[in-house]
Amino acid sequence: MNPLSPKVEVNNLSVSYRNSGQGSVEALSNVSLGLKKGESCALIGPSGCGKTTLLYVLAGLLKPTIGQANIDGQPIRPKRKETAIILQDYGLMPWKTVWENTALGLVIRKLPEKDIEKRVSRILAKLGLEKLRNSYPHQLSGGQRQRVAIARSLALEPDLLLMDEPFSSLDALTREELQEDLLHLWQEKELTMVLVTHSIEEAAYLGQRIFIFSKGPGRVVAELRNSGVGKEDYRSSEEYHARTDEIRQILLKHRLQSI
Amino acid sequence: MNRWYTGFYYVLALGILLISWELLSLWVNSIALPSPRSALGSFFELAAKGSLRSHFLVSAYRVTASIALALVTAVPLGLFLGRVKALDRLAVPLIFLTYPIPKIVFLPVFMALFGLGDLSKITLVALIVFYQILVTTWDEARSINQQMIYSVTSLGAGERDIYRHVLFPAVLPKIFTSMRISLGTAIAVLFIAETYATNVGLGYFLIETWSRGAYDQMYAGIIGMGILGFTLYQLFSVFERILCPWTK
Ligand SMILES: Nc1ncnc2c1ncn2[C@@H]1O[C@H](COP(=O)(O)OP(=O)(O)O)[C@@H](O)[C@H]1O
Ligand SMILES: [Mg+2]
């Protein structure tokens, strides 16, 4: 475990959106969860239950309406340098090349050009993107785009990685390949990782902790431990299959199966 | 290969236009519509003598200056209004009420305020292009996906970075489109403006030759106007290709 990666705590968190008309929509209701340093966690729940909202709070993009979200015991500040978030549609800039997209966070943080050059080359090489460095996002496949989004977050050398349904629009083969790569990166960098998904298999394969959310406004209806994550050949193990069944049972019991 | 085909069709289109013009002039049979041969002949003759050049250059300067003035005012304002949605309540009715006014009616006002020289002509044309670019920029800037803003904010972006890395590149291709669209109107308005209180510019040249009944020469002016529009249009396209390589 990386002693430097953060622990994340969410206590009695509720978030409401004020609507442009009158009134407000409650997106999350009284959510509590805690992650140890270096843990990976999957959030699963029906669409509209507030998973994205929770991720925004953890990234400091939204403020809690009620309750608290802390990183290493401190209330989350916006722009915490070591937090990286990958948004649902990848959030790449269509007008920037693979290289420019990957370097964007470093350019914004005004790193010296030489350092940017070095870091970006290393990361692109690691993710197998060197040949695409001058391509624009619309010239890439979904999987390649997702790799660029991952590259861009890793360039920041984060210790907390937040991802919103990162692999949901990929074909099965690409998805498994990227899940594998993500797992390796997580182990290598010892990141704390929060992954939103609507796939039972993905939650069971990547989340050491799995939080199951109710329909919106989201509450945590169940919390599972899944310590086998990262083991050799986990996908074909008994434990993994037991976990997917367990998640499925809980979703059925709470009538959330239509996700 | 593709380029060859494109080039071929351009030549073909030009041929069709010239032949139609020739036929039309034969049919109308009036000195007000000379054949393309005599119109082009007088164009090249005047061009060779250099007597068209100063008119062409002054018109080119006026319209370019107008567009530049419109760009440096409308783009920042449009981006700002698109970013700060709280201003919509006031900005929407302001634009909505003034946009449909045909700006040409302000020609006398501008001449009274800014004199009879270049300034009044440039500001009038700039005003028209300004509206076109402002509305386009504003529209595009306000419709930017919040996710994209979040995405750069999470990378540490402040307001300036949002303008630089998101808003400006997002609107840039639309700015070029609106420049191309407003070019026709800009030159038309310049023509009107140049018929007053000046003795240089293609608009002046046209009216002056017309009043003398020198139709051949007048057509040389018309061709000059056409070339001015065509050149600027092509220039915009070249700039767009250089500055917006991702739209290819
Ligand atoms: N910007 C917003 N303004 C108002 N309501 C919103 C906004 N974003 C999300 N919501 C509402 O909050 C709820 C949770 O949304 P979200 O966090 O995106 O859910 P999920 O990611 O689980 O699908 C939904 O009911 C959604 O309609
Ligand atoms: Mg979502």
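The values are calculated or read from the model by the stated rules, or taken from the named source; none is laboratory data. None of these values were measured; they are calculated from a predicted model. Please note: Cβ atoms are built from the backbone with ideal geometry, for glycine as well, and neighbour counts cover all protein chains shown. These accessible areas exclude ligands, DNA and RNA; they are computed on the full protein's heavy atoms, side chains included. Shrake-Rupley method; radii C 1.70, N 1.55, O 1.52, S 1.80 Å.
If you average the alpha carbon positions of region A:1-60 and of region B:1-80, how far apart do those two centres end up, in angstrom?
Rounded to whole Å, the Cα centres lie 61 Å apart.
Suppose a student asked you for the relative contact order of region B:32-247, using Cα pairs under 8 Å spaced at least 6 residues apart; what percent would you report?
Result for region B:32-247 is 32 percent.
State in Å² the accessible area per residue of chain A; use a 1.4 Å probe, count heavy atoms of protein chains only, and round to the nearest integer.
Result: 46 Å² per residue.
If the cut-off is a Cα-Cα distance under 20 Å, which aspartates and glutamates reach B:Lys85, setting aside same-chain residues fewer than 8 apart in sequence?
Excluding near neighbours in sequence, the set is B:Asp139, B:Glu140, B:Glu159, B:Asp161.
Take each complete run of DSSP H in chain B, measure how far its Cα atoms stretch along the helix's own axis, and keep only those covering 30 Å or more with mean Kyte-Doolittle hydropathy at least 0.0; list them.
B:2-28, B:53-83, B:118-142, B:168-194, B:215-243
222 nm [θ] for chain B, helices only, -39500 (n - 2.57) per DSSP H run of 4+, per residue, to 500?
Helix contribution divided over all residues of chain B: -26000 deg cm²/dmol.
Hey, how many Å between the Cα centroid of region A:177-240 and the Cα centroid of region A:105-155?
Measuring centre to centre over Cα atoms gives 25 Å.
Relative to the longest principal axis of the C-alpha atoms of chain A, give the angle of the C-alpha long axis of helix A:172-189, reported between 0 and 90° and rounded to the nearest 10°.
80
Do you know the relative contact order of chain A, to the nearest whole percent, from alpha carbon pairs under 8 angstrom that are 6+ apart?
Relative contact order of chain A: 27 percent.
Just list whichever of B:Lys49/B:Lys103; A:Lys37/A:Lys126; A:Lys7/A:Lys215; A:Lys79/A:Lys114; A:Lys36/A:Lys253; A:Lys126/B:Lys174 have alpha carbons separated by over 30 Å in the model shown.
Correct reply: B:Lys49/B:Lys103; A:Lys126/B:Lys174.
Once neighbouring chains are kept in place and the probe is 1.4 Å, which whole percent of the accessible area of chain A is contributed by carbon and sulfur?
47
Taking beta carbons within 10 Å but only from partner chains, what does the mean come to for residues A:90-98?
That works out to 5 on average.
For helix A:113-126, report the angle its Cα long axis makes with the longest principal axis of the Cα atoms of chain A; keep it between 0 and 90° and round to the nearest 10°.
60
To test your reading of the geometry: what angle, between 0 and 90 degrees and rounded to tens, separates the Cα axis of helix A:142-155 from the longest principal axis of chain A?
It works out to around 80 degrees.
Please list, or write none, the aspartates and glutamates whose alpha carbon is within less than 17 Å of the alpha carbon of B:Lys248, excluding same-chain residues fewer than 8 places away.
Hits, sequence-local ones excluded: B:Glu240.
Averaged per residue, what accessible surface does chain B expose to a 1.4 Å probe, in Å²?
55
For every other residue with a beta carbon closer than 12 angstrom to the beta carbon of A:Asp233, add +1 if it is Lys or Arg and -1 if Asp or Glu, then tell me the sum.
After counting each charged neighbour, the total is -2.
Most fluctuating residue of B:Ser154, B:Ser38, B:Ser143 in a GNM of chain B with Cα springs under 10 Å: which is it?
Of B:Ser154, B:Ser38, B:Ser143, the most mobile in the Gaussian network model is B:Ser154.
Ignoring ligands, DNA and RNA, what percent of the accessible area of region B:32-247 is carbon or sulfur (1.4 Å)?
69
Which shape class applies to the protein assembly as shown: rounded if a/c is under 1.5, otherwise prolate when a/b exceeds b/c and oblate if not, where a ≥ b ≥ c are the square roots of the Cα gyration tensor eigenvalues?
It comes out prolate by the Cα gyration axes.
Keeping every protein chain in place, order B:Ser211, B:Ser120 by accessible area at 1.4 Å, biggest value first, i.e. largest first.
B:Ser211, B:Ser120
Within the set of other residues whose C-beta is less than 13 Å from the C-beta of B:Leu235, count the net charge using Lys and Arg as +1 and Asp and Glu as -1.
+1
Enter the buried accessible area of the A/B pair, total of both sides, probe 1.4 Å, in Å² rounded to the nearest 100.
In total, this chain pair buries about 2100 Å².
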